[in-house]
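The values are calculated or read from the model by the stated rules, or taken from the named source; none is laboratory data. Keep in mind that this is a model prediction, so the values were computed, not measured. Quick reminder, even Gly has a Cβ in these numbers, built from the backbone with ideal geometry, and neighbours come from all protein chains shown. Ligands, DNA and RNA are excluded from the accessible area calculation, which covers all protein heavy atoms including side chains. Shrake-Rupley method; radii C 1.70, N 1.55, O 1.52, S 1.80 Å.
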Amino acid sequence: MVLVYINSTTGLSKAALETVTYGKKLGGDVTVITNGSASNEQLAQLGEYGATKVVVDRSVDGEDPQQLARLVAAVADQVAASTVIFSHDIYGKAVAPRLSVRMNAGLVAGAIAIPEADGTIKVNVFSGKAVGYVKVASEKRIISLLPNSIQPEKTGSACSVEETSGLAGTSAINVLETKKPEGSIPLPEAELVVSAGRGLKGPENWGMIEELATALGAATACSRPVADIGWRPHHEHVGQTGVAIRPNLYIAVGISGAIQHLAGVNGSKVIVVVNTDKEAPFFKAADYGVVGDAFEVIPRLVEAVKRFKATQH
Amino acid sequence: MNILVCISKAPDTTSKIAFTNNSTQFDENGVQYIVNPYDEWYALVRALELKESIGGNVTIITVGTTTDESIIRKALAIGADEAVRIDADPKDAYFVAMQISSYAKAKGFDIVLTGKETINYNGSQVGGMIAEAMDLPFVSLATKLDVNGTKLTLEREIVGGVQVVEVQTPAVISCAKGMAEQRIPNMRGIMAARTKPLTVIPAEAVADLSSYVSYSIPNAKSSVKMIDPSNMDELVELLHNEAKVI
Ligand SMILES: Cc1cc2nc3c(=O)[nH]c(=O)nc-3n(C[C@H](O)[C@H](O)[C@H](O)COP(=O)(O)OP(=O)(O)OC[C@H]3O[C@@H](n4cnc5c(N)ncnc54)[C@H](O)[C@@H]3O)c2cc1C
């Protein structure tokens, strides 16, 4: 039996659909355990992605990983789960390690594919510079799946939803305030990312980057020095010491392509590089390159994207 | 305030990543090890700042062999008071977490800090595992940490934003960017580090839950297609029809 934990406090995220799809691909019945306030109708839709049933605890806000670990472990026991799946997002990173100790189950952190024929599972290591094949020695296993590693697939129809409570104990974490910028796309989940570096000269020049991102429906990111000097918020910093991402499209503007930067983005399916310097190392990692001044190229690209989008409707 | 900071070694970020022994082992040939940046820049420096403002003691701990003493001395030079090395090859996160939690349980620390992940295995596992083994609350990806008696106020990263939370000590915290600024050790620190206490303790036996059986290096990109900077319609067309990403 496969158990999948998803966080549904803000609805069904793409990461949630990916994990349920992953569970389905492992074969057998898939139970989903979740917390939060999503409606039964919404949760039942997980059946379309392979869930056999959904169990929800609406009394748990999901802010305390210790509570979530108790909840998931209890349900894993109830359904005799041998595999528990998380997304390798903030929940997976906080809860899966706890659960590993609690269930005495080997943790495969940051899986990027379904298990190989020999049972090993591919994970990203060395900040994306290599992949490792992990073998689990214990009877039970926990897998946290790197966002954007597989595509959600609809294979079935709506499933049943059950409520549960009283399994999670009390929360040790008191939330005072939550700050979420409106309308922005969370970087790790984004399929399209527009990123810029020191080549943009100053924070006042990010307007065209944001415009390009909006035209494409992309998230924005930046290189480390740009976040360090405060031109952009820290959570946009990608690379070896920032967020590691693997979007379908990564557009890098005015970024030289230092090894530490590449480490966090070289899992991207397609990379476009815009740089004035034709020797910039980033071109070696790129699929499409534009040698040119961002201040001329990007406004042109924004117009081209808008023209393209207009033909799509 | 008694703070334990977990330190891991990591290959220098410019290291060439290669594998030996039929791709089953990381090739350490010519690799320089550094203190994992998240552990050093954020966890350790914030621990030192707290000690400087409210008093207390900062212990660093690593699971490693004698070759790892250079990273321990570096952390002591930055300002930690004492160091503990659990003498074993850090096989995997679970092994490391079991060793550290067993030490920490016996000592009664107020706060256990880790970096958010190592830059080699990127697992983000050790902090959560230590917390579970010690049955303590865990706040991950913290970007701010303030102490008020036994109450910790933290800012942490959440999907698409940040959150301010409170938790009581003792607690385990994983530290991310924003928590502190990197400190470069000065000569006095480096000299003092030589005489600070370093305790070496034997490892406990722990069953393996998982292991890396092999590695591979992803294929390099084939050559880049250059686009005329005045023709962005062509780029959009290629992204749509050839790459199929928009
Ligand atoms: C331990 C360690 C960890 C690190 N981790 C990270 C990390 O996680 N992420 C990260 O990004 N970096 C990281 N770095 C830093 C990294 O080494 C580089 O310094 C950094 O990525 C460079 O940022 P940049 O490309 O924005 O700036 P630069 O290297 O200054 O490059 C700017 C680029 O813009 C181009 N340019 C200038 N003007 C224009 C224009 N008008 N139009 C178009 N292009 C223009 C230039 O040709 C140049 O290529 C790390 C370094 C260390 C030592």
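Filtering segment B:1-22 to residues that are open to solvent by less than 50 Å² (accessible area, probe 1.4 Å) and either within 16 Å of the ligand (Cβ to nearest atom) or within 9 Å of chain A (Cβ to nearest Cβ) (or both) leaves B:ILE7, B:SER8, B:LYS9, B:ALA10, B:PRO11, B:ASP12, B:THR13, B:SER15, B:ILE17, B:ALA18, B:PHE19. Wholly within segment B:131-199, which strands (runs of 3 or more DSSP E) include no fewer than the required count, namely at least 2 residues that are farther than 16 Å from B:TRP41 by Cβ and over 20 Å from the mean Cα position of the chain (by Cα)? It comes to B:138-148, B:151-158, B:161-168. When A:GLN151 is tested against (1) within 20 Å of A:VAL265 (Cβ to Cβ); (2) crowded, with 17+ Cβ neighbours inside 10 Å; (3) not hydrophobic (A, V, I, L, M, F, W, C), only condition (2) is not met. Would you say A:TRP206 is more than 9 Å from the ligand (Cβ to nearest atom), in contact (Cβ under 8 Å) with a residue 24 or more places away in the chain, more than 22 Å from B:LEU239 (Cα to Cα) and part of a loop (DSSP other than H, G, I, E, B)? No; evaluated as a whole, the condition is false for this residue. With respect to the stated conditions, A:ALA310 fails to be open to solvent by less than 10 Å² (accessible area, probe 1.4 Å), more than 15 Å from the ligand (Cβ to nearest atom) and assigned to a helix (DSSP H, G or I).
Looking across segment A:259-269 at every residue that is open to solvent by 10 Å² or more (accessible area, probe 1.4 Å) and farther than 15 Å from B:ILE17 by Cβ, the one that is farthest from the ligand (Cβ to nearest atom) is identified as A:LYS269.
Residues that are in contact with a helix residue (DSSP H, G or I) (Cβ under 7 Å, 6 or more places away or on another chain) and either among the acidic types (Asp, Glu) or more than 8 Å from the ligand (Cβ to nearest atom) (or both) within segment A:273-302 comprise A:VAL273, A:ALA285, A:TYR288, A:GLY289, A:VAL290, A:ILE298, A:PRO299, A:ARG300, A:LEU301, A:VAL302, listed in sequence order. Give the residue that is nearest to the ligand (Cβ to nearest atom), with candidates limited to residues of segment B:26-40 that are within 17 Å of B:THR65 (Cβ to Cβ), surrounded by 13 or more Cβ atoms within 10 Å (Cβ to Cβ) and more than 9 Å from chain A (Cβ to nearest Cβ). Top of the filtered list is B:ILE34. Of everything listed in (1) open to solvent by 80 Å² or more (accessible area, probe 1.4 Å); (2) more than 9 Å from every other protein chain (Cβ to nearest Cβ), the single unmet condition for B:SER222 is (2).
Here the helices (runs of 4 or more DSSP H) wholly within segment A:29-125 that include at least 1 residues being under 22 Å from B:VAL126 (Cβ atoms) are A:65-78, A:90-103.
Restrict the check to segment A:126-134 and report whether at least one residue is in a strand (DSSP E or B) and either under 30 Å from B:VAL165 (Cα atoms) or within 16 Å of the ligand (Cβ to nearest atom) (or both). Checked segment A:126-134: no residue is in a strand (DSSP E or B) and either under 30 Å from B:VAL165 (Cα atoms) or within 16 Å of the ligand (Cβ to nearest atom) (or both). Spot the failing condition for B:GLN99; the list is (1) touching a helix residue (DSSP H, G or I) at 6+ places or on another chain (Cβ under 8 Å); (2) at pLDDT 95 or above; (3) surrounded by 22 or more Cβ atoms within 10 Å (Cβ to Cβ), and only one is missed. Single failed check for B:GLN99: (1). Within segment A:215-247, track down each residue that is open to solvent by less than 30 Å² (accessible area, probe 1.4 Å), near the ligand (Cβ under 7 Å from one of its atoms) and either in a helix (DSSP H, G or I) or farther than 13 Å from A:LEU262 by Cβ (or both). Passing the criteria: A:VAL226, A:HIS237.
State whether one or more residues within segment A:172-180 are closer than 24 Å to B:GLY178 by Cβ, open to solvent by 70 Å² or more (accessible area, probe 1.4 Å), more than 21 Å from the chain's Cα centre (by Cα) and not hydrophobic (A, V, I, L, M, F, W, C). Quick ask: steps written out before the conclusion?
Taking segment A:172-180 first, the residues closer than 24 Å to B:GLY178 by Cβ are A:172-180.
Still in the running and open to solvent by 70 Å² or more (accessible area, probe 1.4 Å): A:174, A:176-180.
Within this subset, residues satisfying the condition of being more than 21 Å from the chain's Cα centre (by Cα) are A:174, A:176-177.
Filter again for not hydrophobic (A, V, I, L, M, F, W, C), leaving A:174, A:177.
For segment A:172-180, residues closer than 24 Å to B:GLY178 by Cβ, open to solvent by 70 Å² or more (accessible area, probe 1.4 Å), more than 21 Å from the chain's Cα centre (by Cα) and not hydrophobic (A, V, I, L, M, F, W, C): present.
Select from segment A:257-307 the residues that are in a helix (DSSP H, G or I) and among the charged types (D, E, K, R) and write down the one among them that is nearest to the other protein chains (Cβ to nearest Cβ). Only one residue fits best here, namely A:ARG300.
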